[in-house]
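Down below is the structure, laid out as structure tokens.
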Amino acid sequence: MKLTIVGTGYVGLVSGACFAELGHEVACVDKLANKIDQLNNGEVPIYEPGLQEMIARNREAGRLRFTTRLDEAVRDTDIVIIAVGTPPLPSGEANLGFIQEAAAEIGGCLSGYTVIVTKSTVPVGTNERVERWIRERTAVPFDVASVPEFLREGSAIRDTMNPDRIVIGTKSRHAAAVLEQLHRPLTEQIVHTDLYSAEMIKYASNAFLATKISFINEIANLCEKVGANVEAVAAGMGMDNRIGPAFLKAGIGYGGSCFPKDTDALVQIAGHAEYDFKLLKSVIEVNKLQRNGVRYKLRDSLGSLRGRTIGIWGLAFKPGTDDVREAPAHEIMQQLLEDGALLKAYDPVAQSNFQRSFRGGDDTGITWCSDRWSTVEGCDALCLLTEWEEFTEADLGQVERLMRGSVLVDGRNAYRLEDVERTQLQYYSVGRPVRNEKGPLQVQ
């Protein structure tokens, strides 16, 4: 098939590369000429393992191209996929400005029957509006469908090529058949439904996963009070087939471009439908409060943080990506600076993105380091905020030797307790039994 993908962010780039890998002819379109030039020069503007190689391979084979010309890309195409951003408005609602702009431009470019697919995460009812926006600009026949994405940054190619399921929402049997043909090589698990339900499946899925994360973090906080081990609790829970082990890892909370945005948007969708989504509001509140744990543990161990030097390992919202949107490190570092701490920070992939975004570029009080060991040297405490392998596999004995102090705050429960026990580090995790300076194993 001939595919046109509008938008070259995470979803657009990965989808374009993967569909080209399957043998389709793909044109990726973006208004940002600099980004298109970068892609045509073999540079990929996002960090995603394996993506640069896949793009290069399919460009060389002639199956994948990048352009700013939507009219040329849409001409004679079979499917147009809208994958533009839906950033949050101050209210938490999804901003549909890019969706509307894309739909209107697509409508002005159609030359024959085309299936228009919205892959962006959009509120319920948006695809009907997309249909209206396109129909206002063309008399050419077309159908609209919702095919939400469920990829995870850091494993986006694997998730795209091996999906748990494909959801196809449309009113058109023909469009449904075309999209099933497109996706059938990826999985037999294809769900056909209406537009409204397809849109809701995406939000409901992300909201449920966010709920699991906030729930286990609340359990971890309770474990710290009563002396239980959250990892043992999560393991015991996860063996129940009704619950499952995924997303039951305690830590400093979720971040990224999806969960925070989509949970806020779903609360707004519920509000417009005159429904008070109390559970999801609590999930969001718990996640925000969870970041405070790092600050409290540092205060408990060091007392006043004024003038103390704190090392920060990890700035991305999770390993495997350079995405720093809603990364817990933002809020945690702001809190520590407010407490008068001096920070030394390092991330192997996301550091430049984080520096540009942090407090509007005001990084007074932060030393940006070039490697993990220069970050640790001379610190009173070290905080692990992103569990990159170079941090989790680091020699804790070397950490202990380089630090001025002895406090290690593990915000991701990444270190094995037996490795910590071989040191004299004052170790704090999230809901796990650890040893501190008071002696025996206990919960911090």
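Close contacts from region 110-133, counting a first residue that is closer than 16 Å to Gln268 by Cβ and a second that is surrounded by fewer than 16 Cβ atoms within 10 Å (Cβ to Cβ), with Cβ to Cβ under 6 Å and a gap of 6+ residues or different chains, come to Val124/Tyr196. Which members of region 10-34 meet the condition of being surrounded by fewer than 19 Cβ atoms within 10 Å (Cβ to Cβ) and either of a type in the set (D, E, K, R) or over 26 Å from Ser111 (Cα atoms) (or both)? Glu25, Lys31, Asn34 - these are the residues of region 10-34 that are surrounded by fewer than 19 Cβ atoms within 10 Å (Cβ to Cβ) and either of a type in the set (D, E, K, R) or over 26 Å from Ser111 (Cα atoms) (or both). Among the residues making up region 105-127, those that are under 22 Å from Leu182 (Cα atoms), more than 27 Å from the chain's Cα centre (by Cα), not in a strand (DSSP E or B) and not polar (S, T, N, Q) are Ile106, Leu110, Gly112, Tyr113. Against the numbered list (1) charged (D, E, K, R); (2) modelled with pLDDT under 95; (3) in a helix (DSSP H, G or I), Lys297 comes up short only at (2).
Residues in region 191-204 that are buried (at least 17 other Cβ atoms within 10 Å of the Cβ) and in contact with a helix residue (DSSP H, G or I) (Cβ under 9 Å, 6 or more places away or on another chain): 6 in all.
For the residues Ser91, Ser111, Ser120, the requirement of being over 30 Å from His174 (Cα atoms) and at pLDDT below 95 singles out Ser91.
Quick one: count up the residues across region 289-316 that are over 20 Å from Ala220 (Cα atoms) and touching a residue at least 24 places away in the same chain (Cβ under 8 Å). Let's see the steps before the verdict.
Just the residues of region 289-316 that are over 20 Å from Ala220 (Cα atoms), to begin with: 302-316.
Within this subset, residues satisfying the condition of being touching a residue at least 24 places away in the same chain (Cβ under 8 Å) are 302, 304-316.
Number of matching residues: 14.
Quick one: which residue in Gly169, Gly154 is surrounded by 17 or more Cβ atoms within 10 Å (Cβ to Cβ) and either free of Cβ contacts under 8 Å to residues at least 60 places away in the same chain or more than 17 Å from the chain's Cα centre (by Cα) (or both)? Answer to the check: Gly169. Taking the condition surrounded by 14 or more Cβ atoms within 10 Å (Cβ to Cβ) and outside any helix (DSSP H, G or I), does Ile284 pass? No, not satisfied. Number of residues in region 1-38 that are among the aromatic types (Phe, Trp, Tyr) and either within 19 Å of the chain's Cα centre (by Cα) or more than 21 Å from Gly154 (Cα to Cα) (or both): the value is 1.
Grab the strands (runs of 3 or more DSSP E) fully contained in region 128-204, keeping just those with 2 or more residues being of a type outside the set (Val, Ile, Thr) and assigned by TED's automatic domain parsing to the domain that holds Ile79.
Numbers: elements: 142-146, 166-170, 190-193.
Where strands (runs of 3 or more DSSP E) fall fully within region 128-204 and carry at least 2 residues being of a type outside the set (Val, Ile, Thr) and assigned by TED's automatic domain parsing to the domain that holds Ile79, they are 142-146.
Can you list the helices (runs of 4 or more DSSP H) found entirely within region 327-437 that contain at least 3 residues being over 20 Å from the mean Cα position of the chain (by Cα) and of a type in the set (A, V, I, L, M, F, W, C)? Those helices (runs of 4 or more DSSP H) span 396-402.
Kindly indicate whether any position in region 301-321 is farther than 20 Å from Cys369 by Cβ, assigned by TED's automatic domain parsing to the domain that holds Trp388, of a type outside the set (A, V, I, L, M, F, W, C) and in a helix (DSSP H, G or I). Yes: one or more hits.
Checked against the criterion of being farther than 27 Å from Pro148 by Cα and free of Cβ contacts under 8 Å to residues at least 12 places away in the same chain, region 239-260 contains one or more residues that satisfy it.
Within region 264-274, is there a residue that is within 26 Å of Glu331 (Cβ to Cβ) and surrounded by fewer than 17 Cβ atoms within 10 Å (Cβ to Cβ)? Yes.
Screening Arg69 with (1) farther than 30 Å from Phe317 by Cα; (2) crowded, with 18+ Cβ neighbours inside 10 Å gives one miss only, at (2). Evaluating Asp264 against the criteria (1) acidic (Asp, Glu); (2) in the same structural domain as Gly378 (by TED's automatic domain parsing); (3) within 17 Å of the chain's Cα centre (by Cα) leaves one unmet condition, (2).
The values are calculated or read from the model by the stated rules, or taken from the named source; none is laboratory data. Quick caveat, the model's predicted, so the values are computed rather than measured. Ideal geometry is used to build each Cβ from the backbone, glycine not excepted, and the neighbour counts take in all protein chains shown.
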